[in-house]
Every structure is written in C-alpha cells, then in structure tokens.
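The structure appears below as structure tokens.
The values are calculated or read from the model by the stated rules, or taken from the named source; none is laboratory data. Worth saying up front: this structure is predicted, and the values here are computed from it rather than measured. Neighbour counts are summed over all protein chains in view; Cβ atoms, including those assigned to glycine, are modelled from backbone coordinates with ideal geometry. Quick note on the areas: whole protein, heavy atoms, side chains included, nothing else; ligands and nucleic acids left out. Shrake-Rupley method; radii C 1.70, N 1.55, O 1.52, S 1.80 Å.
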Amino acid sequence: RSVNIVALGNERDGFSEDSQQPSLISSYLRRSALISQINSNLSASHVGNQVFTEYQACVFGNVRLVVHDCPIWDIFDSDWYTSYRLIGGADIIVFKYSVNNKTSFQELKDSYVPMVKKALNHCSVPVIISAIGARKNGVPCSCPLCTSDRRSCVTTSEGVQLAKELGATYLELHTLNDFYIQKCFGGVLEYFMIQSLNGKSSEKMKKRKKMQKCYRVQPPQLEQPEKMPILKGEASHYNADLHNLLCCCQCADVAFYPEDLSMAVEAHKIILCSVSHLFMLLFGVKSLSDTHDDSIVQLAQSLFAVEPGDPFPSSPRGAPPCVLPVRVVVKDSVFCSCLPDILHFIYSGAFQWERLEEDIKKKLKDPDKTEHVLEKVKCILKTPGKLNTVKDCKSHQIKQLNSTSLRLFFNTPVLADVIFKIQGATVPAHRAVLVARCEVMAAMFNGNYLEANSILVPVYGVSKDTFLSFLEYLYTDSCCPVSILQAMSLLICAEMYQVMRLQHICELYIITQLQSMPSRELASTSLSIVSLLKKAKFHNSDCLSTWLLHFIATNYLIFSQKPEFQELS
C-alpha cells in the first residue's frame, strides 16, 4: 500500500534572505512521530532536468509514503509530461505559499492551479492550501523600477477564496513549529492519508470480487444473430440445375437424330420421362397396356423411332454405367429442327410456354409449321385421357410438371444407373439427377474416382434414413424433417456433400423448433443444446452455432443448471 503526495508552490518568506529556510514538507517529515525511514533526493524529468525533490518514507508502520515537492514553476512547466504524470498519480495535493510573498501566491494562482484543474479533470483528490508565515506590516516598495509588489501581504480572504474555487482545505501556519506542523498541518494531512488508504482498500475489494465473478461462467453478451440466407428469401435453383445438366450433357443416356443422322441432340431419359408419358412409353417405363390414351401412342410411333438392336429394360440394374446413349430417330424434320428449343423448355421446368412459342416462331417463320410443332409438344406433355389444345395451354397450367414428377422416380429401380449401399441396404438412384443437383456428386461420377465406373457405391458416415432424406431433397427440392435430431443429421449430410441450401433449411427448422419450445419444456427436455452447438461448429454451420450460443445466453438460468453446460468453454 502507498500514498502519493504532490506539494506545489514556494513557501519561502519574501523578506528573508536565508536560502536554508526549512520547507513545510521536510519539516513535517522530520517531526512527525508517524514517519520513519526517510530518504530524499533530487529527481529529474524524462528530459533530464531537475524538477522536484522526492521524499520516500514509511507512515503508519508499513505504508509507503512518496512526496514530490516542487517549489519552482518555471522548471516544473518545462516538462509537461512529468508534470501531468505526477498530478495524475497524486492521492493528495498540497499548495503552499508565503503570506509575505505575493509573487509566490500569484504564481500559484495563475500557473499551478489551472494546470492542476486540467490534469485532474474533475477527479476527487483532496487539496490542502497552506498559507505560511506571520504577516509583516512593512511598507511596499514604490520604486518605479520594481515590476512586482513583493512585500505586499496575501490576505486571509484571498487564500480562502482560492480554497473555495478548488474545494480545498485552507490552513494558516504562522510558523513552522511543532504545533503548526504536527497538530494543524499534520493532523489534516494524516486524515486525508487515512481516507485515501480506505478508498484504495475499498477499490481493491471491488476488484477482487469482480475477479471472482470473472472466474464463474457468465452468459456471453451477444448481439442478435443476423438472419440466415433462407430467411432472407434464398431462391431455389432447382430448375437452373436441371437446365445446366442439358447444357453440359453429363451422364446423357439418349441421343436424338434426324433421319439423315447428320447431327445429335443428347438428353436424359429420367428428365424426359418425368414430364412426359410419351417418353415413358418410348423408353419402356410404361407399356402399351398402361397407356390409356391412343393419341400419345400414335404420336410416339409417328414421331420417334428407337434404333433397332438397343434393349430398353425397365430396370437396367445391371447395365454398365458407361453404356452408350440410346439412339432415337426423329421422323419429323421440322420438329427435329426445333428439338433443342423444346428440350431447353422441358429442362427449364416446362413452364415458359410463351417463350417457347416465340423461339419457334422466330426459327420457323411459318405460322402453320409453328402451330404444327407446338401441337406435338403439347401432346408430348399432355396428361393421358385429357384433351388440351395449344390455345388452352398457358404457363401456369404446366408449371409444376417437372418439379413434382421427379418424385415418381425417387428410391425406385426404374431407369436407375447407380445403387448406393448403406447400412446393409441398397438405395437406387439416377446419376443425371445427382450430378445436376450436387457438385460433390458431379465430381465423384465424372472424375477419376472409383465411383465413376461403378454401379455399386458405398456410403459411410450417415444413416440410411438420413441419406434417403438427402436424396429426396435432390429429387424434389423439398425437405420435411420430423425432429430436431433428424434435421441436425440431415444438416451434417448436406455439409458433407456441400448442398448449402439444404443446410440452411435444416438450420431454419432447428431454430424454429427451439424458438417455439416453452421454457418448461426447454428445462425438462433431454435434448442437449450444447451438443447441437458443438456439432454445428464442427460442421461449419456458422449461422446456427452463433444462434445457438445466443439462445443459450438468452436462457442462461435454464441451461446453467444442466450437466452439459460445464462443457462450454
């Protein structure tokens, strides 16, 4: 423990020529019974100038007392860094002047006081103003060469007024004897030293309690997490994925040719069959007995011809993955010329009918031929047993054909060309859909990997139910978890295959379920939120991990009572 005192001003008597006149501070330190082990030395500023006398001693037995005494303003003012550092670290400030030396008082009032006010900046440091000496009734010098009236006395009212400005304690010490030094000045100074030590002890206790609180686990003060992309309206890219599949022609298993076999347009049976009963009939997914619409059968026979010699089993489970595309001859040359536009229309979701009309009109530039081609397209897309004409066909009437129809081929061996082996079970799938919807799958099936030339592909790290939910999303662009744990498992699978939108959907489901859970259920549930937080962090779900941490902090009283809470760092 220590007390720092800064003494400012010159208490030398203006009438005395004795340079060895004792100072207020040194007199107190020598005479006080509470002071021991006194050391003094001249201290210098950081620029090397001698600025003040520094006294070090012990007070109250074991308290370190440090006093800096600076009587000369010019030297003190020359080093503002040292000056402000001293004033800022002071526990007590003593202003001293001689009542018979108005110059010292004026210097104190005009120089030291403003500097101290600025340095303290409203800090509550006790200040003592000591007016030293007995006033002499000498006649002031009237010599015109004198620029200062050194022999005029400083009145009591002037000292009291200065004390009021500073909120200081005013003392008049008529002489530096034992009574004035020990009883008057010493009594006030020692009172302020005790107050300073008590204040420091109180602050130390507060810091100790604060440190003790810091060792306890406290709820983090977190801002509300930002909304996830899915909450901001993250758009589905389902149709764009399928359209990109047509553009890159990966995993194509059917090629359309004109009758002269001059060019080929590649496509995918799974996509064509998902939107058209005609293509189901053409590729053997459905038989003639299953098709109860003669117009579809007639159009299939008149418009397309599958090249002889190519088998079309309904379940090509054993077919090699690198089998050549099925060759289909388009008998109608006008329709064949428009086939690229028609395939783009189908792969884009089969709902931009007006755009298809415009593209075919620009290409054919013949109304009759245009209507002829559009009639065939409508017949290809028609539902068996229903009569639809081109005039009745609008975008909203066929908008959902593509996205809903792929569900028919989910987890079925029909047209399947890959089989996943997981937990001892097999799950059939279609490379075209997987490649279109998942970049990791695209790299796996089209790169230099073992899976590229294998029908049977093992899957590790996820359960069969979770993997089926993952595939269902790829086929249908929808996801319906039944629990928070299933959503977390699906999130992990989505992160494994880098399907970010599915990951965001799972995050949203978990957050929505937890937000709707009442406090009583939250307190009694066996679900470990801390475990969810760890998994979210491990699987790079930054949005969910941030939200879960905020959720734990918000419900701190509930979670702090759970055993897994101790696992949080």
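Listed values, structure above:
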{"read-out": "Ranked packing of 127-133, 200-206, most packed first, by mean Cβ within 10 Å", "value": "127-133, 200-206"}
{"read-out": "Contour minus Cα-Cα distance for Leu557 and Ser124 (0.36 nm per residue)", "value": "151.9 nm"}
{"read-out": "Violating pairs (Cα-Cα greater than 26 angstrom) within the set Lys331/Lys369; Lys269/Lys421; Lys331/Lys363; Lys382/Lys464; Lys535/Lys562; Lys286/Lys331", "value": "Lys382/Lys464"}
{"read-out": "Probe 1.4 Å, accessible area per residue of the range 480-568, Å²", "value": "49 Å²"}
{"read-out": "Average accessible area per residue (Å²) across the range 403-478 - probe 1.4 Å, nucleic acids and ligands excluded", "value": "42 Å²"}
{"read-out": "Mean Cβ neighbour count within 10 Å, used as a protection proxy, ranking 185-195, 92-102 highest first", "value": "92-102, 185-195"}
{"read-out": "Length released on extending from Ala425 to Asn62, taking residue separation times 0.36 nm less the Cα-Cα span", "value": "122.5 nm"}
{"read-out": "The range 500-569: C-alpha gyration tensor shape, a/c 1.5 cut-off, then a/b vs b/c", "value": "oblate"}
{"read-out": "Relative packing of 364-371, 542-549, which averages over residues the other C-beta atoms within 10 Å, highest first", "value": "542-549, 364-371"}
{"read-out": "Pairwise label distance in nanometres, Ser302 with Lys331, each label 7 Å out on the Cα-Cβ vector", "value": "0.9 nm"}
{"read-out": "Zone residues, the range 405-434, relative to Gln498, backbone N less than 20 Å from point 7 Å out along Cα-to-Cβ", "value": "431-434"}
{"read-out": "Of all accessible heavy-atom area on the range 480-568, the percent that carbon and sulfur account for (1.4 Å)", "value": "56 percent"}
{"read-out": "Taking N as its residue count, the alpha carbon Rg of the range 403-478 over 2.2 N^0.38 Å", "value": "1.03"}
{"read-out": "Residue-span extension gain [Asn448 to Ser40] - 0.36 nm each, minus C-alpha spacing", "value": "138.4 nm"}
{"read-out": "Local electrostatic count at Cys58 - Lys and Arg +1, Asp and Glu -1, tallied over other residues with Cβ under 13 Å", "value": "+2"}
